[in-house]
Amino acid sequence: RLAETLYPAPDAIARVARFAPAVLELSTSDPDAARITAEAAAELATTVVAAAGPRDSPVSWTGRLLRHEGLRGLLADELARRRPGLRLRSPAGDGLTGAALLAAASDLGLYAGLLRTAGR
């Protein structure tokens, strides 16, 4: 019944994502939740490594789920195992701070093709 209800739903991803905070909370006591969390960290590490390309540098995170120390620690461990040069560090500010810094930058560097600033 779950598959019949969930898979055809236009918001299937959002519905499944609503379970993420509960899974993270259970990850310290439930083996299935721990496995799901470890798999999520591995998938995130794959994305980070792919996005970084050949560059080794500190990388940061944003979002509610990565505030969870367990997931963040697993991600840091995965990055250290796969690409020691990609070091996970805490954000220097929040998303609004980052947006303001990008908007004020005269050289958008890697982001030049991705961002548009009103008035420019």
From (1) under 17 Å from the mean Cα position of the chain (by Cα); (2) modelled with pLDDT of 90 or more, pick out the condition that doesn't hold for residue 95. (2)
Contact list, first residue from the stretch 14-26 and within 18 Å of residue 70 (Cα to Cα), second anywhere and of a type in the set (A, V, I, L, M) and in a helix (DSSP H, G or I), beta-carbon distance below 7 Å, six or more apart or interchain, is 20/65; 23/33; 23/36; 24/65; 24/71; 26/33
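Could you identify the single residue in 12, 17, 22 that is outside the structural domain of residue 110 (by TED's automatic domain parsing) and closer than 30 Å to residue 111 by Cα?
On the way: 12 fails: closer than 30 Å to residue 111 by Cα; 22 fails: closer than 30 Å to residue 111 by Cα.
Just a single option satisfies the conditions, and that option is 17.
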Take the residues of the stretch 18-63 that are in contact with a Leu (Cβ under 9 Å, 6 or more places away or on another chain) and among the acidic types (Asp, Glu): which is farthest from residue 114 (Cα to Cα)? 32
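The values are calculated or read from the model by the stated rules, or taken from the named source; none is laboratory data. A quick note: this is a predicted structure, and the numbers were derived from the prediction, not measured. Backbone-built Cβ (ideal geometry, glycine too); neighbour counts: all protein chains shown.
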